[in-house]
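The values are calculated or read from the model by the stated rules, or taken from the named source; none is laboratory data. As the structure is a computational prediction, the values presented were derived from the model and not from experiment. Cβ coordinates were reconstructed from backbone atoms using ideal geometry, including for glycine residues, and neighbour counts include every protein chain displayed.
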Amino acid sequence: PCCAAVSGNKEMGGNTNLRLTHLNMRSLNTGFDEMCSLIHDFKIDVFGISETWLDANTPSDRYEMLGYTLLRADRNAQIGGGVAIYVKHGIAFERYELTGVAPGIEHVSVVLKVEGKKLGVAVVYRPTQVNYTVLSSLFHALFVEMAVEVNSVFYLGDNNIDLLYCLNPGVTQPSSADA
């Protein structure tokens, strides 16, 4: 499913109904209006984006959305990549800096404060040229370090791991030319 709704339970504080989702945009420059419609139509509270393709020269106000705050982490060394998160106004949050994450893993994280609970949300992108084994440093930062500070951790992103290729030696690994 494209949208995950987190319904309240005893651990999360009762009446929580939070809609979180993620989309690999492959450039916010194309499809921004459609993305805004999707977010508003489905009443998304937290929307994570991988492959924003933004850089330090791109002003954030170009991608502002009424009723949401944008946080981003751009890839500045080359074209592509980058991650962002939109948080709906009215949801208290603070940016959370993950430590010890291996170079090459692109990420932005927040801690939401909802009904007296703290919910960690991370948006992550692993470029294909970065070995998937470095994800272990990210998982440690999220599920060991961040997890002790929050009630729940939500991981949104694109790991670029083709499970069909990993599980079936007869399947050939696609290249960027196949995209």
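Can you find a residue in region 144-151 that is free of Cβ contacts under 8 Å to residues at least 60 places away in the same chain, out of contact with any Cys (no Cβ under 9 Å at 6 or more places or on another chain) and buried (at least 18 other Cβ atoms within 10 Å of the Cβ)? The answer is yes; a qualifying residue exists.
Of everything listed in (1) buried (at least 20 other Cβ atoms within 10 Å of the Cβ); (2) free of Cβ contacts under 8 Å to residues at least 12 places away in the same chain, the single unmet condition for residue 122 is (2).
Could you check, for region 76-85, whether at least one of its residues is under 22 Å from residue 32 (Cα atoms) and of a type in the set (S, T, N, Q)?
So far as region 76-85 goes, yes, one or more of its residues are under 22 Å from residue 32 (Cα atoms) and of a type in the set (S, T, N, Q).
Of the residues making up region 37-52, those that are surrounded by 14 or more Cβ atoms within 10 Å (Cβ to Cβ) and either at pLDDT below 95 or small (Gly, Ala, Ser) (or both) are 48, 50. Residue pairs whose Cβ atoms lie under 6 Å apart, separated by 6 or more positions or on different chains, with the first residue in region 62-87 and closer than 22 Å to residue 104 by Cα and the second among the charged types (D, E, K, R) and in a loop (DSSP other than H, G, I, E, B), are 74/55; 76/55; 81/75; 82/74; 82/75.
Just give me the residues in region 89-106 being among the charged types (D, E, K, R) and surrounded by fewer than 19 Cβ atoms within 10 Å (Cβ to Cβ), in sequence order.
Kept after step one, since they are among the charged types (D, E, K, R), are these residues of region 89-106: 94-95, 97, 106.
Once the filter is applied, which keeps residues that are among the charged types (D, E, K, R) and surrounded by fewer than 19 Cβ atoms within 10 Å (Cβ to Cβ), region 89-106 yields 94, 95, 97.
When 64, 115 are checked against the criterion of being closer than 17 Å to residue 44 by Cα and of a type in the set (Asp, Glu), 64 stands alone in meeting it. For residue 34, the conditions (1) touching a strand residue (DSSP E or B) at 6+ places or on another chain (Cβ under 9 Å); (2) of a type outside the set (S, T, N, Q); (3) surrounded by fewer than 16 Cβ atoms within 10 Å (Cβ to Cβ) are fulfilled apart from (1).
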